[in-house]
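Undergrad: Please see the structure below; I have some questions.
Just so it is clear, none of the values below were taken in a lab; they were calculated from the coordinates. Note that the structure is predicted; figures quoted are calculated from it, not measured. Neighbour counts run over all protein chains shown; Cβ positions are idealised from the backbone, glycine included.
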Amino acid sequence: MENVWWGGHWHEVLEAVGIVGGLLFTGVTLRHDLRARKIAEFLTQASQHRRLWGALHRRPGLSRVLESDRDLHKEPLRPEERRFLELVFTHFHTGWLIAQSGHSLVPADVLAADAGHFFKLPAPAAIWTEVRKLHQPEFVAFVDRAVDSVR
């Protein structure tokens, strides 16, 4: 009797096995694809980071934006410093977005510590005050918390 059932339903069993196998293969493929995309995003972010901060070495005058004792009344920001800082803000925003997605290789607390120290500097703080309204409220709140946590 068993052979009669198998003989009449073997194609349904084979279809079910094929469907389950296809789903398992798709799951494994998606998992590998996600891992590869995470690595690609990290490499892209690292490349952008290197290019952005490399500008400080190629154009030494930009390093003044990192001076913690800079008096902006005596030494106002130059237009290229302002543009550089706006690019850095965008870079931080991108890093924050990646961290929010859960696919970041840089932990959110490390990003927050870095942001807190950077946004607290006189030059970044001055420009951030002007442009913060152009950014997502959640990112602005992230920066505010990061700055507040710096001692």
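Undergrad: If you take the charge dipole of the chain about its Cα centre, with +1 on Lys and Arg Cβ and -1 on Asp and Glu Cβ, which of G18, W53, G102 is farthest toward its positive end?
TA: W53
Undergrad: So what's Rg/Rh here for region 23-110, counting alpha carbon atoms and using the Kirkwood radius for Rh? Intermediate results must be reported in sequence, preceding the final value.
TA: Working: Rg = 18.2 Å, Rh = 15.5 Å.
Rounded to two decimals, Rg over Rh is 1.17.
Undergrad: Let me ask you something else. Positive end of the dipole of region 39-149, charges at C-beta (+1 Lys, Arg; -1 Asp, Glu), about the Cα centre: which of F42, P76, Q136 has its Cα farthest in that direction?
TA: Checking the options against the dipole of region 39-149, the answer is P76.
Undergrad: I've got another one for you. So between A108 and L72, what do we pick up on full extension, going 0.36 nm a residue minus the alpha carbon distance?
TA: Extra length available between A108 and L72 comes to 9.9 nm.
Undergrad: Exactly which trypsin sites (Lys or Arg not before Pro) in region 1-102 are in a DSSP loop and have at most 12 other Cβ atoms within 10 Å? Write out the running numbers ahead of the final one.
TA: Values: sites: R31, R35, R37, K38, R50, R51, R58, R64, R70, K74, R82, R83; in loops: R70, K74.
Here the trypsin sites (Lys or Arg not before Pro) that fit, given the DSSP loop and packing criteria, are K74.
Undergrad: With a Cα-only, solvent-free Debye model of the chain, what are the log10 I(q)/I(0) values at q = 0.15 Å⁻¹?
TA: These q points yield log10 I(q)/I(0) values of -0.85.
Undergrad: Rounded to the nearest 500, what is the chain's calculated 222 nm mean residue ellipticity when only DSSP H runs of at least 4 contribute -39500 (n - 2.57) each, over all residues?
TA: Here the helix-only value at 222 nm equals -27000 deg cm²/dmol.
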